[in-house]
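Enquirer: Mind having a look at this structure? Questions to follow.
The values are calculated or read from the model by the stated rules, or taken from the named source; none is laboratory data. Computed from a predicted model, the values in this text were never measured in an experiment. Backbone-built Cβ (ideal geometry, glycine too); neighbour counts: all protein chains shown. When the accessible area is computed, the model is the full protein with side chains, heavy atoms only, and any ligands, DNA or RNA have been set aside. Shrake-Rupley method; radii C 1.70, N 1.55, O 1.52, S 1.80 Å.
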Amino acid sequence: MNYNVIFNNKVWALILILISVAAITVRYTLFTEKFFVDSTLLMQMEQSNMLDDGSFGSAALFFKYINFLQIDSVLGCSLYVSCIFFFINFALVRKIRCISFFKFVFVLVCLLLWYLFAAGITKEVLQTIFFLIIYWIILNKFYFKKNIIKVLLGAFVLLISALLFREYYVLVSFFTIIIYMMTIIVKKRKIKSIYLFFCIFTGVLIFLGIFMSAVSILRPTEYELIVSLRNVKYAYLMDNTDTFIKNLVDGDTVFIFLINYSINYIRLLLPVELIFIGKLYYIPFVLYQISFTYYYFKAFNRLNRLDDREFLCLIFLTSFIIVSAIMEPDFGSWTRHQSVCWFLLLGLLFNKNECNKKI
């Protein structure tokens, strides 16, 4: 039986406070020093004004501008950011008055992961800001009425984030437009729901094959960097983590790249291999990721019935996942980066008929 949970603003406020307190407690009592390496570096850069041109420099400069209280500790920044995002996250969930129990649990886990990995002096906070802007564009019906305009503006936001923060987001920007075009074509052909995702994914593989073939000819250095990413650039992680995503097939041809890409795509969405590592604390993540994948594919299954909000959230999530299958080095990084756009999945979970009430 599918039970429903009823909410009001006071309940949501209490939930957000409890989750943020629980996340900070877990972070600063159970996490090892390795988890705080990036935050410590960002704090040092922000305090010393030694800013480089990379993602760390952009993030440090961002925190320098918002650090109105002159906080000088990693824990203090976690509390500060948690307070700021209490109001942001409350605005995201406050209109949800009735949800099914399982969706409620899933939303709680999404929020907990965000507070665990992002709330603090982290690059994930800046990454979250970019996706929040995209989510605002998706929801805005006054200034932006057509879906294509929202897609192009969202892609432009991703392009800016690539220039200022994460270079590979240029691929997310590019694939957002490609996925939108593919999905429109598939929808017009009125293909049965069960085949929709496979048609789009096949189109992605074909396009990736053409794209990588062109890169191998026009930009051979960049091609070698992409195909050898896990075996060369990320090789140092193999001895530092047991969740490293190693290519299962050796080779540097476009065909081998597509095989590894397809396998890694499935592994990201269904990380059941973590169960066999034998560490119990991986099981909650596996269950979370399977739930994420279930709701993601459920949205694809009703593609022709999605409203504009749901449809656009699906487009941006899909482009993000497509590029993540290329770039994410391990399951830990995948979880951390995935948490920054949890509200895009929130846009897929709820519709106007949720619990037979308007939300």
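Enquirer: In the range 268-281, is there at least one residue being open to solvent by less than 10 Å² (accessible area, probe 1.4 Å), over 30 Å from LEU139 (Cβ atoms), in contact (Cβ under 8 Å) with a residue 24 or more places away in the chain and not in a helix (DSSP H, G or I)?
Expert: yes
Enquirer: Please enumerate the residues belonging to the range 336-359 that are at pLDDT below 60 and part of a helix (DSSP H, G or I).
Expert: ASN356
Enquirer: Oh, and also: So, in the range 27-41, how many residues would count as being charged (D, E, K, R) and without any contact (Cβ under 8 Å) to a residue 24 or more places away in the chain? Spell out how you get there, then give the answer.
Expert: At the first step, the residues of the range 27-41 found to be charged (D, E, K, R) are 27, 33-34, 38.
From what's left, without any contact (Cβ under 8 Å) to a residue 24 or more places away in the chain: 33-34.
Total satisfying the criteria: 2.
Enquirer: From the set of residues in the range 84-102 that are under 20 Å from TYR295 (Cβ atoms) and aliphatic (A, V, I, L, M), which is most open to solvent (accessible area, probe 1.4 Å)? Before you say what the answer is, go through the steps one by one.
Expert: Keep residues of the range 84-102 that are under 20 Å from TYR295 (Cβ atoms), which gives 89, 92-93, 95-102.
Next, only the ones that are aliphatic (A, V, I, L, M) stay: 92-93, 96, 99.
Details: LEU92: 33, VAL93: 0, ILE96: 10, ILE99: 1 Å².
Among them, the one singled out is LEU92.
Enquirer: Any chance you could count how many residues in the range 241-267 are of a type in the set (A, V, I, L, M, F, W, C), open to solvent by less than 30 Å² (accessible area, probe 1.4 Å) and in a loop (DSSP other than H, G, I, E, B)?
Expert: Summing the residues that are of a type in the set (A, V, I, L, M, F, W, C), open to solvent by less than 30 Å² (accessible area, probe 1.4 Å) and in a loop (DSSP other than H, G, I, E, B) in the range 241-267 gives 1.
Enquirer: So the check is Cβ under 7 Å with 6+ separation or different chains; which pairs have a first residue in the range 73-97 that's without any contact (Cβ under 8 Å) to a residue 24 or more places away in the chain and a second one that's part of a loop (DSSP other than H, G, I, E, B)?
Expert: Matching pairs, first to second residue: TYR80/LEU69; TYR80/ILE71.
Enquirer: Return the residues of the range 179-211 that are touching a residue at least 40 places away in the same chain (Cβ under 8 Å) and crowded, with 17+ Cβ neighbours inside 10 Å; say none if nothing qualifies.
Expert: ILE179, TYR180, THR183, VAL186, LEU196, PHE197, ILE200, VAL204, LEU208, listed by residue number.
Enquirer: Related question: Please verify whether the range 214-222 includes one or more residues that are open to solvent by less than 30 Å² (accessible area, probe 1.4 Å) and in contact with a Gly (Cβ under 6 Å, 6 or more places away or on another chain).
Expert: Scanning the range 214-222 turns up no residue that is open to solvent by less than 30 Å² (accessible area, probe 1.4 Å) and in contact with a Gly (Cβ under 6 Å, 6 or more places away or on another chain).
Enquirer: Any idea which of (1) closer than 30 Å to PHE35 by Cβ; (2) in a helix (DSSP H, G or I); (3) in contact with a Phe, Trp or Tyr (Cβ under 9 Å, 6 or more places away or on another chain) is the one THR293 doesn't satisfy?
Expert: All conditions pass for THR293, except number (3).
Enquirer: Output the residues belonging to the range 285-300 that are under 18 Å from LYS192 (Cα atoms), surrounded by 14 or more Cβ atoms within 10 Å (Cβ to Cβ) and of a type outside the set (Ser, Thr, Tyr).
Expert: ALA299, PHE300
Enquirer: When you go through (1) over 28 Å from ASN240 (Cα atoms); (2) touching a helix residue (DSSP H, G or I) at 6+ places or on another chain (Cβ under 7 Å) one by one for SER55, which number turns out not to apply?
Expert: (1)
Enquirer: Here is a follow-up. Out of VAL5, VAL105, VAL11, VAL26, which single residue is modelled with pLDDT under 85 and surrounded by fewer than 19 Cβ atoms within 10 Å (Cβ to Cβ)?
Expert: VAL5
Condition check ((1) touching a Ser or Thr at 6+ places or on another chain (Cβ under 9 Å); (2) without any contact (Cβ under 8 Å) to a residue 12 or more places away in the chain; (3) open to solvent by 10 Å² or more (accessible area, probe 1.4 Å); (4) on the phi < 0 side of the Ramachandran plot) across all residues:
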site	(1), (2), (3), (4)
PHE117	yes, no, yes, yes
VAL125	no, no, no, yes
TYR135	no, no, yes, yes
ILE138	no, no, no, yes
PHE144	no, yes, yes, yes
ASN147	no, no, yes, yes
VAL157	yes, no, yes, yes
ARG166	yes, no, yes, yes
VAL172	yes, no, no, yes
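Enquirer: Regarding PHE316, is this residue at pLDDT 95 or above, within 23 Å of VAL125 (Cβ to Cβ) and aromatic (Phe, Trp, Tyr)? Show your work before the answer.
Expert: Details: at pLDDT 95 or above: yes; within 23 Å of VAL125 (Cβ to Cβ): yes; aromatic (Phe, Trp, Tyr): yes.
Here the answer is yes, as PHE316 does meet what is asked.
Enquirer: With the structure loaded, tell me whether SER78 is touching a helix residue (DSSP H, G or I) at 6+ places or on another chain (Cβ under 8 Å) and either at pLDDT 90 or above or among the acidic types (Asp, Glu) (or both) or whether it fails that test. Full working, then the answer.
Expert: On the way: touching a helix residue (DSSP H, G or I) at 6+ places or on another chain (Cβ under 8 Å): yes; either at pLDDT 90 or above or among the acidic types (Asp, Glu) (or both): yes.
Here the answer is yes, as SER78 does meet what is asked.
Enquirer: Evaluate the range 232-240: report whether one residue or more is more than 14 Å from MET327 (Cβ to Cβ), assigned to a helix (DSSP H, G or I) and touching a residue at least 60 places away in the same chain (Cβ under 8 Å).
Expert: Checked the range 232-240: no residue is more than 14 Å from MET327 (Cβ to Cβ), assigned to a helix (DSSP H, G or I) and touching a residue at least 60 places away in the same chain (Cβ under 8 Å).
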